[in-house]
Structure formats: structure tokens, C-alpha cells
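The values are calculated or read from the model by the stated rules, or taken from the named source; none is laboratory data. Just so it is clear, the structure is predicted and the values come from calculations on it, not from any experiment. Cβ: placed from backbone, ideal geometry, glycine included. Neighbour counts: every protein chain shown. Side chains included, ligands, DNA and RNA excluded: accessible areas come from the protein's heavy atoms. Shrake-Rupley method; radii C 1.70, N 1.55, O 1.52, S 1.80 Å.
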Amino acid sequence: QVQLVESGGGLVQAGGSLRLSCAASRSIFSFNAMGWYRQAPGKQRELVATITKQGSTDYADSVKGRFTLSRDTVKNTVYLRMNSLKPEDTAVYYCNAIGSFNHWGQGTQVTVSS
């Protein structure tokens, strides 16, 4: 069974930065894509950023230019660097991996204070 373990969330002031990590229990090349989603209270889960097996990235318009998704293929870890954080970025952030099945991490809370 695949495990995705997220870390790096927390409380930060507007304009600050955080880096989220998602460590997979097997090679990230075994997945077609990995990514980050977020869910704010009372809202649906939304895509934040994705990276394909080939390394192509895509971002939600709301985070373009502020967030950067990267990966370490030796550590089987993907990262989400979040700069210039805004209060509207407050949400639970979930790591996602798509292979034969859709896998999710447990989520990590990001809270941005104004």
C-alpha cells in the first residue's frame, strides 16, 4: 500500500513562505503524476500544482508565480515551495499520487494570517 507523508505546514504571516514536503513510500516514477491539492473550510478540494513523471509542471492560476513544485527522485519526495502567501491560501494541503489508483496523504494545515 502506498503511503504519502506530508510535512511542513504551519502558521505564517501574509507575505511569508513555507515549504511542504510529501514523502512517498515507493519510487515516484511509479506514478503517472504527483501533485498538491488544497481544501479550505466550506470549499471543495482544488488543484494547486502537479508534476508528471516526465517532470512537466502545471499550476493553478491563483498560485502561478508564487508556488513552485519540485521533486527529489532519490528521496522519493515532492516539495511545494510557497512564497508570498496570502490569507486566501489558508487550507489543508493534500499530497496526491496517481498510479493504478489515486493515492492521498493525510493533509497538512497551512494557515496564513493577515
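General remarks:
- Filter result for Val5 (crowded, with 16+ Cβ neighbours inside 10 Å and not in a loop (DSSP other than H, G, I, E, B)): no
- Of all the numbered requirements in (1) open to solvent by 30 Å² or more (accessible area, probe 1.4 Å); (2) under 14 Å from the mean Cα position of the chain (by Cα); (3) of a type in the set (S, T, N, Q), Asn102 misses one, and that requirement is (2).
- Condition broken by Thr90, with the remaining ones in (1) out of contact with any Pro (no Cβ under 9 Å at 6 or more places or on another chain); (2) at pLDDT 95 or above satisfied: (1)
- For segment 57-99, a tally of residues being surrounded by 12 or more Cβ atoms within 10 Å (Cβ to Cβ), over 13 Å from Leu18 (Cβ atoms) and aliphatic (A, V, I, L, M) returns 6.
- Criterion violated by Arg45 - all others in (1) within 22 Å of Ser17 (Cα to Cα); (2) without any contact (Cβ under 8 Å) to a residue 24 or more places away in the chain satisfied: (2)
- Taking segment 47-56 as the range and being of a type outside the set (Lys, Arg) and either touching a Pro at 6+ places or on another chain (Cβ under 9 Å) or surrounded by 14 or more Cβ atoms within 10 Å (Cβ to Cβ) (or both) as the test, the residues that pass are Leu47, Val48, Ala49, Thr50, Ile51, Thr52.
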